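Peer 1: Just dropping this structure here.
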Amino acid sequence: MLMRKRSSFSAALLVGFVLLLSSAPGRAQDYPTRPIRLIITTPAGSLVDVLGRLLAQDMSERLGQPIVIDNRPGAMTQIGADTLNRAPPDGYTLMIGTSEATMLPFLKKSYRYDPVKDFTPIALVASSWTVFAINPKLPANSLAELVAYSKANPGKVRYGSGGVGGSLHIAVEMLRLKTGADLVHVPYRGGGQAASDAISGQIEMVSLGLASARVAEGGALRVLAQTGPRRHPMFADVPTTAELGMPDVRMDTWFGLLAPPDTPEPIVARLVHESDAVVNQPAFREKLFRIGCDTAWMPPAEFNAFMRDDTKRWERLIPAMGIPSIE
């Protein structure tokens with residue numbers, strides 16, 4: 001009788017354990033069963049926001065659940081990072097991380113996160129890069145001529161970017177560090193106003209993302225170089241900094257999908273599978289091209305190693321630029 005009771009108890013315990021496993025949030029076959037929140041660390045209408053919405057639209061169709069955009073701008077992406085880091089690791093809160101995540105630890109004293117350790121990488125999905133453009137009245141037809149002109153006219157070449165510590169700012173600082181160019185930073189709240197002031201002659205130079213650089217069409221600005229791994233078709237006649245003998249002056253702004261720390265592997269695997277299917281569709285690549293981006297697919301392990309290498313790069317370069325720490 002006692003043996004039967006013990007057997008019954010063990011069987012009940014086993015059944016309970018199986019039921020517990022079957023209801024665990026990490027089961028890929030059950031995930032997702034409700035809407036997913038996608039955090040965007042920039043305002044609505046920004047490049048990150050537009051890219052995030054494109055990705056969310058296509059992934060939601062594959063996942064069978066809505067992906068709701070949650071814009072959390074401010075504090076140089078830290079508000080969004082806080083939200084992600086504190087979210088339950090159940091796959092229902094994700095974030096579009098950017099290259100600024102690997103730069104900010106060396107730019108902002110109060111930045112709390114290591115992107116390699118404090119988040120779960122899902123996939124790198126896209127990249128974009130920077131162009132250097134000048135007002136056409138400036139007597140320079142190449143990047144070398146701009147550098148020479150700036151040295152001969154100290155303090156006379158002011159460049160605008162989308163703000164202190166952003167990728168557009170850091171791209172020009174890399175150029176200044178490499179060449180010794182005399183370039184004076186004028187930070188703006190966004191690249192649009194910086195471009196307008198460069199066109200009107202309020203400043204001499206501007207650093208722009210590929211999408212914003214469309215304002216240069218028609219000769220409004222003279223584009224001298226682009227900082228990506230190859231010439232983007234939008235600017236097929238513009239050389240890369242590598243072609244100009246400056247491979248170190250490279251600014252790939254990357255965009256990747258991140259989850260909270262300790263997200264279960266089955267959920268990660270499902271998200272990897274679906275994001276892979278979306279990103280490598282020709283139709284999605286065309287959508288990215290129209291907003292000045294390229295696909296740049298990397299699965300979790302490769303993406304994690306990429307972020308680790310990117311962090312080491314900025315740990316070496318940013319202190320050498322002499323940029324004052326941002327509070």
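Peer 1: If you go through region 229-249 one residue at a time, do you hit one that is in a loop (DSSP other than H, G, I, E, B), touching a residue at least 24 places away in the same chain (Cβ under 8 Å) and buried (at least 22 other Cβ atoms within 10 Å of the Cβ)?
Peer 2: Yes; the residues of region 229-249 include at least one that is in a loop (DSSP other than H, G, I, E, B), touching a residue at least 24 places away in the same chain (Cβ under 8 Å) and buried (at least 22 other Cβ atoms within 10 Å of the Cβ).
Peer 1: Give the residues of region 143-165 that are modelled with pLDDT of 95 or more and buried (at least 19 other Cβ atoms within 10 Å of the Cβ), sorted by residue number. Full working, then the answer.
Peer 2: Taking region 143-165 and keeping what is modelled with pLDDT of 95 or more, we get 143-160.
Across region 143-165, the qualifying residues are LEU143, LEU146, VAL147, SER150, VAL157, TYR159, GLY160.
Peer 1: What are the pairs, 6+ residues apart or on separate chains, where a residue within region 62-73 that is under 16 Å from ARG270 (Cα atoms) has its Cβ under 6 Å from a residue that is open to solvent by 60 Å² or more (accessible area, probe 1.4 Å)?
Peer 2: From region 62-73, the pairs are GLN65/PRO35; PRO66/PRO35.
Peer 1: Could you please let me know if ALA75 is in contact with a Ser or Thr (Cβ under 9 Å, 6 or more places away or on another chain), aliphatic (A, V, I, L, M) and open to solvent by less than 20 Å² (accessible area, probe 1.4 Å)?
Peer 2: Numbers: in contact with a Ser or Thr (Cβ under 9 Å, 6 or more places away or on another chain): yes; aliphatic (A, V, I, L, M): yes; open to solvent by less than 20 Å² (accessible area, probe 1.4 Å): no.
Judged against the criteria, ALA75 is not a match.
Peer 1: Follow-up. Would you please name the residue that is nearest to TRP254 (Cα to Cα), looking only at residues in region 195-215 that are open to solvent by 10 Å² or more (accessible area, probe 1.4 Å) and outside any loop (DSSP other than H, G, I, E, B)?
Peer 2: Step one: list which residues in region 195-215 are open to solvent by 10 Å² or more (accessible area, probe 1.4 Å), which gives 196-197, 199-202, 204, 209, 211-212, 214-215.
Within this subset, residues satisfying the condition of being outside any loop (DSSP other than H, G, I, E, B) are 196-197, 199-200, 209, 212, 214-215.
Numbers: SER196: 25, ASP197: 27, ILE199: 27, SER200: 30, GLY209: 12, SER212: 16, ARG214: 20, VAL215: 22 Å.
Per the stated criteria, the residue is GLY209.
Peer 1: If only one of GLY219, GLY245 is of a type in the set (Gly, Ala, Ser) and closer than 23 Å to ARG313 by Cβ, which one is it? Let's see the steps before the verdict.
Peer 2: Details: GLY219 fails: closer than 23 Å to ARG313 by Cβ.
Result of the check over GLY219, GLY245: GLY245.
Peer 1: Do we find a residue being closer than 23 Å to TYR111 by Cβ, hydroxyl-bearing (Ser, Thr, Tyr) and out of contact with any strand residue (DSSP E or B) (no Cβ under 9 Å at 6 or more places or on another chain) anywhere in region 304-319?
Peer 2: Quick first cut of region 304-319, residues closer than 23 Å to TYR111 by Cβ only: 304-319.
Imposing the further condition that a residue be hydroxyl-bearing (Ser, Thr, Tyr) reduces the set to 311.
This time we only want the ones that are out of contact with any strand residue (DSSP E or B) (no Cβ under 9 Å at 6 or more places or on another chain), so: 311.
Yes.
Peer 1: Considering each of VAL215, VAL238, VAL268 in turn, give the residue that is touching a helix residue (DSSP H, G or I) at 6+ places or on another chain (Cβ under 6 Å) and β-branched (Val, Ile, Thr). Talk me through it step by step, then tell me what you get.
Peer 2: Details: VAL238 fails: touching a helix residue (DSSP H, G or I) at 6+ places or on another chain (Cβ under 6 Å); VAL268 fails: touching a helix residue (DSSP H, G or I) at 6+ places or on another chain (Cβ under 6 Å).
Residue meeting the stated conditions: VAL215.
Peer 1: Return the residue satisfying two criteria in turn: it lies in region 166-194 and is in contact (Cβ under 8 Å) with a residue 60 or more places away in the chain and among the charged types (D, E, K, R), and of such residues it is surrounded by the most Cβ atoms within 10 Å (Cβ to Cβ).
Peer 2: By that ranking, first place goes to GLU173.
Peer 1: A follow-up question, please. Return the total of residues in region 28-52 being under 14 Å from ILE291 (Cβ atoms), aliphatic (A, V, I, L, M) and open to solvent by 10 Å² or more (accessible area, probe 1.4 Å).
Peer 2: 3
Peer 1: Restricted to region 91-110, and to residues that are open to solvent by less than 30 Å² (accessible area, probe 1.4 Å) and not hydrophobic (A, V, I, L, M, F, W, C), which residue is nearest to ALA123 (Cα to Cα)?
Peer 2: Filtering region 91-110 down to residues open to solvent by less than 30 Å² (accessible area, probe 1.4 Å) leaves 91-99, 101-104, 107-108.
With not hydrophobic (A, V, I, L, M, F, W, C) added as a condition, the list becomes 91-93, 97-99, 102, 108.
On the way: GLY91: 14, TYR92: 16, THR93: 15, GLY97: 10, THR98: 12, SER99: 13, THR102: 15, LYS108: 25 Å.
For region 91-110, the residue satisfying everything is GLY97.
The values are calculated or read from the model by the stated rules, or taken from the named source; none is laboratory data. As the structure is a computational prediction, the values presented were derived from the model and not from experiment. As a convention, Cβ positions derive from the backbone with ideal geometry for all residues, glycine included, and neighbour counts pool all protein chains shown. Just the protein is used for accessible areas: all its heavy atoms, side chains included, with ligands, DNA and RNA removed. Shrake-Rupley method; radii C 1.70, N 1.55, O 1.52, S 1.80 Å.
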